[in-house]
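The values are calculated or read from the model by the stated rules, or taken from the named source; none is laboratory data. Just so it is clear, the model here is predicted, and its values are computed rather than measured. Cβ placement follows ideal geometry from the backbone for every residue including glycine, while neighbour counts extend to all protein chains displayed. In case anyone asks, the SASA skips ligands and DNA or RNA and just uses the protein heavy atoms, side chains included. Shrake-Rupley method; radii C 1.70, N 1.55, O 1.52, S 1.80 Å.
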Amino acid sequence: MATNHQDPFWVQEQRRRAAVDRYAVLDTPPEAAFDRIVHLAARLFGVPLAAVTFFDGERQWFKACVGADIRENTRGASFCGHLIEQESDDVLVVPDAREDERYRDLAVVTGAPHLRFYAGAPLLTPDGVKIGTLCLYDFRPRDLSAAERRSLSDLAAHVVSELELRQAVALQARARKILAAVLASAMDGMVVLNQEGRVTEWNPAAESMLGYSRDLALGRELTDVMVPPEFHEVHRRSVRLSVEQSDRRKRRVEVQALRRDGVSFPCEFTVTPFDVDGETMFMVYLRDLTEVHAAQDALTSSHTLLRTVVDSVPESIYVKDRERRYTMINAAGAAQIGLPASEILGRTDDGLFPQASATASRQRDEAVLSGHTLTYEVDDLMPSGEQRTFWSTKVPIPDVDGTLNGLVGVAVDITQRKAAETTIRAHNDILTARVETAQMEILERLAKAAEYRDDDTGEHMHRVGRTAAGIARELGLSPVEVDLIERTAPLHDVGKIGVPDSILLKPGRLTPDEFEVVKTHALIGANILSGGHSPVVVMAEEIARTHHERWDGSGYPSGLCGKQIPQSGRIVAVADVLDALMSERPYKHAWSLTEALNELRAQAGRHFDPDVVAALERFLNQDRALDQVG
């Protein structure tokens, strides 16, 4: 198929490829400038992954990356591919990739490393071509504020500034190599003067620098060929004094030099007097400082941009030296301390904070300066006397030789967030209590409905609850546990709602098949109560499932024995049988308390936990004693 050269997408791709090729950055080794930017981005935004990437057709190539070892990716499998193709130059933020239909099927979302958050700022060339991205990734959902998005855009602009500076430096280096090859001489201008200040030698570098050929320069005063007119007299007087006073000191100064075409430029002017056959001569080295100044200006601009970005971050960022003195602090940090940055720099926390806060900070600084990275939450008493909570990270700063020469810290004020979390927790506790109460009410009504089917009064469930609570108290359970058993024991037979009336209300003895149906009420009840998360529902499910298990393992539904049976099930088993024995049923008369206790004693160690039966007797004896006193 023929290429449509009028297609805007094709045109944009060609411009992108040309721009990337012009910077000559693809498939180059790591560079400290870009590595510093991604590390700074990761620290500033608190993300585990950050990268600088460029696009080459369908290939996404990683120039710098922190948090992962990756060199390239396919454009279609990346978040950044969408950013490059969007029409606007805005930052692209994906708070939760799993919830975003554009990205939830990406391999890096569905599989390792399971990315959730993405933010990317386009790398825009000065003529507006998107060539790559500065991007952030996280394993958890999050978002960026408007200020953070601007900061990310500023950092992306800084990446392009580094590219421009890198390109400029590369072009300058190439120009210097070509010049050296053409001139076959020193790169600096070299000029020899006699004692009258007239040119006796003029190398090709000087020709190139000042615009005068060697033939034109020879015999003329250097003053005439390079010094601006307003400095002619000063220059002649300096040469005359050097000759008259036999001053042999080497001098190096920066001056404004004038080319033949009338354009001035900064020049490093180095002069060394020497004698030849008794005549004072001068060796002059000329160096054009235009490129140096341009590089210094670019570095100053870069530093200013970086400082602007750091000062725009709402969190405190600071740097300390080995003596723990502040050497840099951003605007947010100075505002937190309550002093201008000029009054903070050069001081330690001992002179800024109350003693307790300063001492704790010193101990943490000493740990960091010994090579440890610290991340911690701390409550600090501020110089104003206000108590604030911070989430802080401190990282040691190594020198090129690995020697630690200070630390960098970031402190996020989370005071308001902590207060909000406390409010939310309290509200959640209220909601949880309300839901639990409503849930319990529904379950109690369901249990009562089941109970009314074979107990006209429906009081069996409540009597079992009171008896179970008395047993639990005698066994030494805590008041909270006793209350929990009293609330949940009445639900033990909720599964009877699933047993047919023809079996449940049968006046005579049940057949084996009918009894098997009755036995299913334990699992039916457990299934009704299963899946709950509150302590009440969890214990109610446990009781419904296990209150027909027997101490000797002959019970149902699981055949548990001994202390395999949860204590709650063992307690309710005794309380349930006691009340059942003493209650009138279609198939039996009510037993007396003495008859019922004798049966329970006889079954202790077989059907029932002996300790639980003994606890029941203590409870009943205590209960009868209270009745007599009453």
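Between H232 and T110, the contour length at 0.36 nm per residue exceeds the Cα-Cα span by 36.4 nm. Just to compare against my own numbers: the Cα pair-distance distribution for segment 226-357, 5 Å bins, whole % per bin, please. The distribution over segment 226-357 is 2, 8, 12, 13, 9, 7, 6, 7, 8, 10, 8, 5, 3, 1, 0, 0, given as percents.
Dividing the helix sum by the residues of the chain, where each DSSP H run of 4 or more adds -39500 (n - 2.57), gives a mean residue ellipticity at 222 nm of -15500 deg cm²/dmol. Extents of segment 35-171, taken as max minus min of Cα coordinates on every principal axis and listed largest first, are 45, 32, 30 Å.
Surface listing: S384, S530 arranged by accessible area from highest to lowest gives S384, S530, probe 1.4 Å. Measuring only protein heavy atoms, the 1.4 Å probe finds I70 accessible over about 60 Å². Ellipsoid semi-axes for segment 193-262, based on the Cα gyration tensor and the rule √(5λ), read 21, 14, 11 Å when sorted largest first. Note on the chain: lysine pairs with Cα distance below 14 Å, sequence gap of 8 or more or different chains, count 5. Residue order by solvent-accessible surface for E549, E421 is E421, E549, largest first, with ligands and nucleic acids left out and a 1.4 Å probe. Heavy-atom accessible surface of the chain, averaged per residue, reaches 51 Å², computed with a 1.4 Å probe. Of S213, Y376, A294, which is farthest along the charge dipole of the chain in the positive direction, counting Lys and Arg as +1 and Asp and Glu as -1 at C-beta? Ranked along the dipole, the leading option is S213. Remark: the E101-A419 segment gains 111.0 nm on full extension, using 0.36 nm per residue and subtracting the alpha carbon distance. Scanning the chain for trypsin sites (Lys or Arg not before Pro) lying in DSSP loops with no more than 12 further Cβ atoms inside 10 Å, the longest uninterrupted stretch between such sites is 251-508. Largest accessible area first, the residues D288, D27 order themselves as D27, D288 under a 1.4 Å probe with ligands, DNA and RNA left out. Using a probe of 1.4 Å, the accessible surface attributed to T594 totals some 90 Å² when neighbouring protein chains are kept in position. Across segment 1-62, Cα-Cα pairs farther apart than 16 Å form 58% of the total. For a modelled paramagnetic label at S530, 7 Å from Cα along Cα-to-Cβ, the residues of segment 538-576 in reach, with backbone nitrogen under 16 Å, are 538-547, 557-559. The mean sequence distance of close C-alpha pairs (under 8 Å, at least 6 residues apart), as a share of the length of the chain, puts its relative contact order at 6 percent. Taking the protein heavy atoms of the chain in the context of the full set of protein chains, the accessible area attributed to carbon and sulfur is 54 percent at 1.4 Å.
Each Lys and Arg contributes +1 and each Asp and Glu -1, all at the Cβ; summed about the Cα centre of segment 116-229, the dipole is approximately 680 debye.
Using the Cβ-Cβ distance between L241 and L216 with R0 set to 30 Å, the FRET efficiency works out to roughly 0.60. For a test of the definition: using alpha carbon positions, the gyration tensor, and the 1.5 limit on a/c, classify segment 320-360 as rounded, prolate or oblate. Verdict is oblate for segment 320-360.
The GluC sites (Glu not before Pro) of segment 289-324 that meet both conditions, a loop assignment by DSSP and at most 12 other Cβ atoms within 10 Å of the site Cβ, are E323. Accessible area per residue was computed with a 1.4 Å probe on protein heavy atoms; V108 scores about 40 Å². Farthest toward the positive end of the dipole of the chain, out of A147, I430, A64, is the Cα of A64, where the dipole comes from beta carbon charges about the Cα centre. In segment 466-522, inverting the average of 1/r over every pair of distinct C-alpha atoms gives 13.3 Å as the Kirkwood radius. Label segment 491-630 by shape, choosing from rounded, prolate and oblate, from the square roots a ≥ b ≥ c of the eigenvalues of the Cα gyration tensor; if a/c is under 1.5 it is rounded, and otherwise prolate applies when a/b is larger than b/c, oblate when it is not. Since a/c reaches 1.5 but b/c is at least a/b, the shape of segment 491-630 is classed as oblate. Once the chain from T403 to T74 is taken as fully extended at 0.36 nm per residue, the excess over their C-alpha distance is 114.4 nm. Applied to segment 201-212, the Karplus parametrisation 6.51 cos²θ - 1.76 cosθ + 1.60 on θ = phi - 60° returns per-residue 3J(HN,Hα) values of 8, 8, 8, x, 5, 5, 4, 5, 5, 9, x, 9 Hz, with x for Gly and Pro. With respect to the chain, whose longest principal axis is taken over its alpha-carbon atoms, helix 32-45 is tilted by about 40°. With a simple spin-label model that places each label point 7 Å from the Cα along the Cα-to-Cβ direction, the separation between D379 and S88 comes to 4.3 nm.
Over segment 53-131, all Cα pairs binned in 10 Å intervals from 0 give whole-percent P(r) values of 17, 52, 29, 2, listed from short to long. How fast does the chain diffuse by Stokes-Einstein, in µm²/s, taking the Kirkwood radius from C-alpha pairs at 25 °C and 0.890 mPa s? It comes out at roughly 73 µm²/s. Compute the long axis of helix 415-452 from its Cα atoms, compare it with the longest principal axis of the Cα atoms of the chain, and write down the angle in degrees, 0 to 90, nearest 10. Taking Cα atoms only, the helix is inclined about 20 degrees. Note on D261 and R17: the model spin-label points, each 7 Å out from Cα along the C-beta direction, lie 3.6 nm apart.
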